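Asker: Dumping the structure here so I can ask a few things about it.
The values are calculated or read from the model by the stated rules, or taken from the named source; none is laboratory data. Remember, it's a predicted structure, so these values are computed and weren't measured experimentally. Here the Cβ positions follow ideal geometry from the backbone for every residue, glycine too, while neighbour counts run over all protein chains shown.
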Amino acid sequence: MLDDRAKLLLKTLVERYIADGQPVGSRTLSRTPGLELSPATIRNVMSDLEELGLIASPHTSAGRIPTARGYRLFVDTMLTSRREPFTTPPLSPDQPQKVIVNAAQLLSNLSHFVGVVMAPRRASVFRHIEFMRLSDRRLLVIIVSPDGDVQNRVIFPETDYTQSQLVEASNYINANFAGLSIEQVRDRLQSEMEKLRGEIAALMQAAVAVSSEVLTEAQDEVVVSGERNLLSVSDFSSDMGQLRRAFDLFEQKAQLMRLLDVSSKAEGVRIFIGGESQVVPFEELSIVSANYEVDGQVVGTLGVIGPTRLPYERMIQIVDITSRLVSNALSQK
């Protein structure tokens with residue numbers, strides 16, 4: 001455990017580094033109001049902090065900078081609840097997609113970093129399903145979502161069905177299961193399996209599997225705004241390799257999906273610091289994220305991505321307020 005002196009020194013060093021972006025030396029710290037320690041004492045405490053892996057020296061003669069572990073201790077135990085006054089424009093309860101795009105832009109504009117929003121997870125519901133025989137043991141499944149989106153999938157069942165059997169199965173499924181979520185259909189199918197004729201039961205299982213896959217793919221969308229803000233961040237502008245890796249992350253979006261999905265499993269604002277786990281792809285990035293809700297149900301995640309040298313207190317406030325704005329906008333009928 002750190003004593004009060006070491007905690008105060010670490011807190012001061014992290015705050016100074018976040019503000020200036022330069023390694024912090026003992027002489028600089030000794031001139032900080034409220035930190036009434038001699039440069040020699042400060043050097044000794046900094047040496048202890050370095051041994052604990054909380055700070056590091058980027059160059060042999062330079063000052064120290066926080067490590068991921070140091071940032072984590074700072075974020076978890078040293079942040080105050082001081083809230084900065086700033087105005088946020090309301091998000092109009094318009095089309096959900098427009099709310100999501102505007103929220104990503106708002107996060108970027110307020111933070112001056114990158115705003116990301118995962119589109120709402122909707123219940124996997126189909127309006128209409130149709131089977132079409134293409135050839136022996138080769139069927140086309142046509143799935144229509146409630147908003148009219150049409151998706152097609154080819155499946156290869158073990159049984160060769162006639163077109164009349166396929167029509168009968170389609171009619172039965174649409175009459176009894178349309179409008180239910182895939183989860184509800186799956187539950188009912190388990191309880192009713194014995195009552196259904198063999199071909200209908202098998203096609204129902206195929207329809208559930210394909211519908212779940214199609215409707216999930218349609219929802220996997222992340223809106224990203226403000227990538228160019230990283231060009232003005234000294235941490236990236238001086239290292240094109242870091243900048244390129246960051247832009248690769250935004251373009252791929254699959255990693256962002258996994259990261260935001262991890263964030264969605266927790267309440268409140270979460271902070272992921274690069275280098276402390278496998279969640280964030282590389283050391284130079286940190287992410288501050290929170291869930292947003294519709295009518296009290298968590299449906300998505302949003303956040304700010306920037307360098308590990310983030311002003312965390314302000315980012316927490318920005319992400320928290322934006323998540324509330326999005327929740328309110330999407331919950332209004």
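Asker: Give segment 129-154 a look and list any residue that's touching a helix residue (DSSP H, G or I) at 6+ places or on another chain (Cβ under 6 Å) and either modelled with pLDDT under 85 or closer than 30 Å to Gln97 by Cα (or both), or say none. Please lay out each step first, then the result.
Answerer: Kept after step one, since they are touching a helix residue (DSSP H, G or I) at 6+ places or on another chain (Cβ under 6 Å), are these residues of segment 129-154: 129-131, 133, 141, 143, 151, 153.
Those that are touching a helix residue (DSSP H, G or I) at 6+ places or on another chain (Cβ under 6 Å) and either modelled with pLDDT under 85 or closer than 30 Å to Gln97 by Cα (or both): Ile129, Glu130, Val141, Ile143, Gln151, Arg153.
Asker: Only one of Gln163, Gln184 is at pLDDT below 80 and out of contact with any Phe, Trp or Tyr (no Cβ under 6 Å at 6 or more places or on another chain). Can you tell me which?
Answerer: Of the residues listed, the single one that is at pLDDT below 80 and out of contact with any Phe, Trp or Tyr (no Cβ under 6 Å at 6 or more places or on another chain) is Gln184.
Asker: Given the criterion touching a helix residue (DSSP H, G or I) at 6+ places or on another chain (Cβ under 8 Å) and β-branched (Val, Ile, Thr), identify the matching residue among Thr41, Thr67, Thr80. Before you say what the answer is, go through the steps one by one.
Answerer: On the way: Thr41 fails: touching a helix residue (DSSP H, G or I) at 6+ places or on another chain (Cβ under 8 Å); Thr67 fails: touching a helix residue (DSSP H, G or I) at 6+ places or on another chain (Cβ under 8 Å).
Exactly one residue qualifies, and that residue is Thr80.
Asker: Suppose we filter segment 53-79 for residues that are surrounded by fewer than 20 Cβ atoms within 10 Å (Cβ to Cβ), of a type in the set (S, T, N, Q) and at pLDDT 75 or above; how many remain?
Answerer: The total comes to 2.
Asker: Out of the residues in segment 114-127 that are of a type outside the set (D, E, K, R) and modelled with pLDDT under 85, state the one that is surrounded by the most Cβ atoms within 10 Å (Cβ to Cβ).
Answerer: Filtering segment 114-127 for residues that are of a type outside the set (D, E, K, R) and modelled with pLDDT under 85, the one surrounded by the most Cβ atoms within 10 Å (Cβ to Cβ) comes out as Phe126.
Asker: Exactly one condition in (1) over 26 Å from Val269 (Cβ atoms); (2) in contact with a helix residue (DSSP H, G or I) (Cβ under 7 Å, 6 or more places away or on another chain); (3) assigned to a loop (DSSP other than H, G, I, E, B) is not met by Asp48; state its number.
Answerer: Single failed check for Asp48: (3).
Asker: Which count do you get for residues in segment 16-26 that are within 21 Å of Tyr312 (Cα to Cα) and either hydroxyl-bearing (Ser, Thr, Tyr) or assigned to a helix (DSSP H, G or I) (or both)? Quick ask: steps written out before the conclusion?
Answerer: First, the residues of segment 16-26 that are within 21 Å of Tyr312 (Cα to Cα): 16-24.
Now drop any that are not either hydroxyl-bearing (Ser, Thr, Tyr) or assigned to a helix (DSSP H, G or I) (or both), which leaves 16-20.
Of the residues in that region, 5 qualify.
Asker: Still on this structure: Within segment 148-182, which residues are without any contact (Cβ under 8 Å) to a residue 60 or more places away in the chain, at negative phi and assigned to a loop (DSSP other than H, G, I, E, B)? Can you show your working first?
Answerer: Initial filter on segment 148-182 (without any contact (Cβ under 8 Å) to a residue 60 or more places away in the chain): 148, 150, 152, 154-182.
Restricting the remaining residues to those that are at negative phi gives 150, 152, 154-178, 180-182.
Matches in segment 148-182: Phe156, Pro157, Glu158, Thr159, Asp160, Tyr161, Thr162, Ala178, Leu180.
The rows are residues; the columns are (1) of a type in the set (Asp, Glu); (2) assigned by TED's automatic domain parsing to the domain that holds Phe156; (3) at pLDDT below 75; (4) farther than 30 Å from Leu166 by Cβ.
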| position | (1), (2), (3), (4) |
| --- | --- |
| Lys195 | no, yes, yes, no |
| Ile200 | no, yes, yes, no |
| Val214 | no, yes, yes, no |
| Gln242 | no, no, no, yes |
| Val269 | no, no, no, yes |
| Val280 | no, no, yes, yes |
| Glu283 | yes, no, no, yes |
| Ala290 | no, no, no, yes |
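Asker: Is it the case that Arg43 is at pLDDT below 85 and more than 19 Å from Gly275 (Cβ to Cβ)? Spell out how you get there, then give the answer.
Answerer: Values: at pLDDT below 85: no; more than 19 Å from Gly275 (Cβ to Cβ): yes.
So Arg43 does not fit the description; no.
Asker: Restricting attention to segment 27-45, and to residues there that are among the hydroxyl-bearing types (Ser, Thr, Tyr) and outside any helix (DSSP H, G or I), which single residue is surrounded by the fewest Cβ atoms within 10 Å (Cβ to Cβ)?
Answerer: Filtering segment 27-45 for residues that are among the hydroxyl-bearing types (Ser, Thr, Tyr) and outside any helix (DSSP H, G or I), the one surrounded by the fewest Cβ atoms within 10 Å (Cβ to Cβ) comes out as Ser38.
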